[in-house]
Amino acid sequence: MFGGAERTTANLLNHLDRQRITRITLVAPGVLRTCLPERYDHFVDAAHHHLEGGFTTPRSLYQQARATSELLRALKPDVALGMMHYSAALLVLGARLAKARTWTVASYRGPFYEYMRYYERGFRRRLFLRAAVAGTALLADRIIVPSHGTASELRERFFTPLSRTVIIPNGIDLKTVATLSQQFAPELIDLEAEKTPVICAIARLAPEKNLGLLLEAFRRVRATQPAVLIILGDGPERNALEARIVEWGLSDAVRLLGHRENVYPYLRRADLFIHTCQFEGFGYTLLEALACNVAVVSIDCPYGPREILGDNVYGILVQPDDPAALAAAILRLLTDSNQRKALAARSLERAKQLSIEQMVKAYERVFIGLAGSG
């Protein structure tokens, strides 16, 4: 699924000032080539250099870092950006092995310690992961993160120096959102004339997105209030979620629509957007919902939602793993149209504060500042 890191990459490609950034080489899996804008000068398929996978073993990390070093020697970039933890590790270690005169920027998009806490087991495995992230973060020339919470986690858990860490929130292109939101969404035809409230969620159907919590809360909502829940996204938990929907008698009210390249027509139709992830570096779908003038309810997970929504100013935050609290927040907004409309008005205000222009200029300052420092 096209996630936050890919969207940030696409936004940078679309909006970087090519009068200042004169050459861009994109190194990525070939499958992403058709998904990303062709605003680069040279594309390198990562698979052709055996750069694929994740943190599997120290040996594979070293081997792929060696391959990265050869690529850097051939490309000779002034500045290189590694998007996400594994790419950052390959880039930073590769630059050291190559002894290249390339400034390295490691961009950590999510809370890696929270991921480890939920999904990694075994002392040796965790030791390897912490060493890999801490070591490469220490060696990077600059570190970019999308939230203060992610920066704090890197400092506290991986000993990353704040002096080289730059916090750049994700941005959104409001003009593009306004255009794309007007496109036709055939699955919503029967809802256009109805007054039944529509609740929307966008997430990969995977354990860390915690959609079981959303279904449990929605079941409570439906006990007292008619509503339709649409979920955009696909993933390994689809069959389990479908079985739960049938078991709880929600087949007529929950629609798993799968992955959609353009989510904005669905958000435009929604009365509420719900976010239930267990952890987030930022939470790009929250920003997409805000840009569509939708009232938002989010789990107060580490770390992005609180920074995006403020202290319940631009959306409602609820405690994690509490379906009753989530259902209560949803019902409160569904039954109080004045509060919902007021929240939706503030949501667009927040989206304007997190503009694509501000994000791109901040990245440019990092890149040009490094390139001009020697």
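The values are calculated or read from the model by the stated rules, or taken from the named source; none is laboratory data. Just so you know, these numbers come straight off a predicted model, no measurement behind them. With ideal geometry, Cβ positions are generated from the backbone for all residues, glycine too; neighbour counts draw on all protein chains shown.
Taking region 186-229 as the range and being within 21 Å of D322 (Cα to Cα), basic (K, R) and not in a helix (DSSP H, G or I) as the test, only R204 passes. Across region 179-209, the number of residues qualifying as crowded, with 21+ Cβ neighbours inside 10 Å and under 19 Å from V296 (Cβ atoms) comes to 7.
Checking the structure you have, find out if any residue of region 178-189 is in the same structural domain as L97 (by TED's automatic domain parsing) and among the polar types (S, T, N, Q). No, region 178-189 contains no residue that is in the same structural domain as L97 (by TED's automatic domain parsing) and among the polar types (S, T, N, Q). A single member of A201, A253 is in contact (Cβ under 8 Å) with a residue 60 or more places away in the chain and touching a strand residue (DSSP E or B) at 6+ places or on another chain (Cβ under 9 Å), and it is A201. How many residues are free of Cβ contacts under 8 Å to residues at least 12 places away in the same chain, exposed (fewer than 14 other Cβ atoms within 10 Å of the Cβ) and within 23 Å of F279 (Cα to Cα) if we restrict to region 93-124? Going through region 93-124 one residue at a time, the tally reaches 3. The numbered conditions (1) surrounded by 19 or more Cβ atoms within 10 Å (Cβ to Cβ); (2) aliphatic (A, V, I, L, M); (3) over 16 Å from F273 (Cβ atoms) are all true for A328 except (1). For the residues E364, E307, the requirement of being buried (at least 16 other Cβ atoms within 10 Å of the Cβ), at pLDDT 95 or above and in the same structural domain as L211 (by TED's automatic domain parsing) singles out E307.
With respect to the stated conditions, K341 is closer than 29 Å to D190 by Cβ and surrounded by fewer than 19 Cβ atoms within 10 Å (Cβ to Cβ). Out of the residues in region 133-155 that are part of a loop (DSSP other than H, G, I, E, B) and not acidic (D, E), state the one that is nearest to A371 (Cα to Cα). So the residue we want is A140.
Among residues of region 43-68 being outside any strand (DSSP E or B) and aromatic (F, W, Y), the one that is nearest to the chain's Cα centre (by Cα) is F55. Counting just the residues of region 1-42 that are more than 23 Å from the chain's Cα centre (by Cα) and over 23 Å from Y284 (Cβ atoms), which one comes out surrounded by the fewest Cβ atoms within 10 Å (Cβ to Cβ)? Among those residues, the one meeting the criterion is Q19.
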